[in-house]
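**Student:** Okay, here's the structure, questions in a sec.
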Amino acid sequence: MKTVIITGGTKGLGKAIAKVFALHNYNLVLTYLHDEKSALQTKKELEHFNGEIVLVKSDVSDEQKVIKLLDNIKCQFESIDVLINNAGIAIDTTLEDKTVDNFKTILNTNLIGPFLTSKYIGQFMFKQGFGKIINISSTNSIDTYYQESLDYDASKAGLNSLTLNFANIYAPIINVNAVACGWINTEMNKNMAHEFKDKEISKILLNRFAEPSEIANVVYFLATDEASYINGSIIRVDGGVRR
């Protein structure tokens, strides 16, 4: 049975991704940072599937915790087949209110975290002779910019660069790709101002936000043998943008 590691895998998009992999009989290693209640609820919802579910409270921006995470997984499972760097945060504020500490917090989670997991878990995959790494990026990294999230945008642009570098480093053993998501119907966006949401929807050719499952299905496809020739790509999934 194959094993997937999903950082930030117990809520929002991460939870949707976990469900798709559970449906396809993967063992799940799901990391979370704070919300143990949501983590336990997610595990309960997925327990009827065949694979094992392991919850790990861990800060992926902490090098020693990432090394410990890898050591624990190696003891429990025969292989690590897929790594999905999904954990991410945003702190939207005006430029005047942005602080260096907030900027560092975003970079630590959105960029340093994927660097550390891709370094240590990726090296293990390389030695075992196979694996897939999939990074969850954003169209904010390409051409969808918001002044309130310039730090988030920069972190995701860095993640795209990290994706391309690791694709080169681990070639031809590991496929490394990123999914650049547009707006998604997640808990994070439920309290969005209606006027702003309507304005953003008007820019989307499909005239709606994505459902988490629609992004999750793309992520799962990249982990399959059918996507074996996709490597070093930033795949945009945003419903199409009016130009």
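The values are calculated or read from the model by the stated rules, or taken from the named source; none is laboratory data. None of the values given here were measured: they were computed from a predicted structure. Every residue, glycine among them, receives a Cβ derived from its backbone with ideal geometry; neighbour counts consider all protein chains shown.
**Student:** Could you tell me whether region 85-100 includes any residue that is assigned to a helix (DSSP H, G or I) and in contact with a Leu (Cβ under 6 Å, 6 or more places away or on another chain)?
**Tutor:** There is no residue in region 85-100 that is assigned to a helix (DSSP H, G or I) and in contact with a Leu (Cβ under 6 Å, 6 or more places away or on another chain).
**Student:** Considering each of Ile106, Ile134 in turn, give the residue that is out of contact with any strand residue (DSSP E or B) (no Cβ under 9 Å at 6 or more places or on another chain), closer than 24 Å to His34 by Cβ and buried (at least 19 other Cβ atoms within 10 Å of the Cβ).
**Tutor:** Every option except Ile106 fails the conditions.
**Student:** Restricted to region 128-172, and to residues that are over 22 Å from Ser61 (Cα atoms) and β-branched (Val, Ile, Thr), which residue is modelled with the highest pLDDT?
**Tutor:** Here the answer is Thr139.
**Student:** Another question, then. Would you be able to say whether some residue in region 162-175 is outside any helix (DSSP H, G or I), in contact (Cβ under 8 Å) with a residue 60 or more places away in the chain and touching a strand residue (DSSP E or B) at 6+ places or on another chain (Cβ under 6 Å)?
**Tutor:** Taking every residue of region 162-175 in turn, none turns out to be outside any helix (DSSP H, G or I), in contact (Cβ under 8 Å) with a residue 60 or more places away in the chain and touching a strand residue (DSSP E or B) at 6+ places or on another chain (Cβ under 6 Å).
**Student:** In region 1-27, which residues are farther than 19 Å from Leu70 by Cα and touching a Phe, Trp or Tyr at 6+ places or on another chain (Cβ under 6 Å)?
**Tutor:** Val20, Ala22, listed by residue number.
**Student:** Within region 137-152, take every residue that is in contact with a Leu (Cβ under 8 Å, 6 or more places away or on another chain) and not in a strand (DSSP E or B) and give me the one that is surrounded by the fewest Cβ atoms within 10 Å (Cβ to Cβ).
**Tutor:** By that ranking, first place goes to Gln147.
**Student:** In region 38-68, which residues are touching a residue at least 40 places away in the same chain (Cβ under 8 Å) and part of a helix (DSSP H, G or I)?
**Tutor:** Of everything in region 38-68, those that are touching a residue at least 40 places away in the same chain (Cβ under 8 Å) and part of a helix (DSSP H, G or I) turn out to be Glu63, Val66, Ile67.
**Student:** Now a separate question. Considering region 7-20 alone, what residues qualify as being of a type outside the set (S, T, N, Q) and farther than 11 Å from Val54 by Cβ?
**Tutor:** Gly8, Lys11, Gly12, Leu13, Gly14, Lys15, Ala16, Ile17, Ala18, Lys19, Val20, listed by residue number.
**Student:** For residues in region 186-233 being in a loop (DSSP other than H, G, I, E, B), at pLDDT below 95 and exposed (fewer than 11 other Cβ atoms within 10 Å of the Cβ), which is nearest to the chain's Cα centre (by Cα)?
**Tutor:** Here the answer is Lys190.
**Student:** Restricting attention to region 20-36, does a residue exist that is surrounded by fewer than 19 Cβ atoms within 10 Å (Cβ to Cβ), part of a loop (DSSP other than H, G, I, E, B) and in contact with an Asp or Glu (Cβ under 8 Å, 6 or more places away or on another chain)?
**Tutor:** Yes, some residue in region 20-36 is surrounded by fewer than 19 Cβ atoms within 10 Å (Cβ to Cβ), part of a loop (DSSP other than H, G, I, E, B) and in contact with an Asp or Glu (Cβ under 8 Å, 6 or more places away or on another chain).
**Student:** Taking interchain pairs and intrachain pairs at least six residues apart, which have beta carbon atoms under 6 angstrom, with the first residue in region 92-113 and among the aliphatic types (A, V, I, L, M) and the second modelled with pLDDT of 95 or more and outside any helix (DSSP H, G or I)?
**Tutor:** Listed by first residue and then by second, the contacts come to Ile112/Ser61.
**Student:** Scan (1) farther than 25 Å from Gly182 by Cα; (2) surrounded by fewer than 16 Cβ atoms within 10 Å (Cβ to Cβ); (3) under 18 Å from the mean Cα position of the chain (by Cα) for the single condition Glu45 breaks and write down its number.
**Tutor:** (3)
Conditions (1) under 23 Å from Ala223 (Cβ atoms); (2) not charged (D, E, K, R), marked per residue:
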{"residue": "Tyr145", "(1), (2)": "no, yes"}
{"residue": "Asp153", "(1), (2)": "no, no"}
{"residue": "Leu159", "(1), (2)": "yes, yes"}
{"residue": "Thr163", "(1), (2)": "yes, yes"}
{"residue": "Ile173", "(1), (2)": "yes, yes"}
{"residue": "Ala178", "(1), (2)": "yes, yes"}
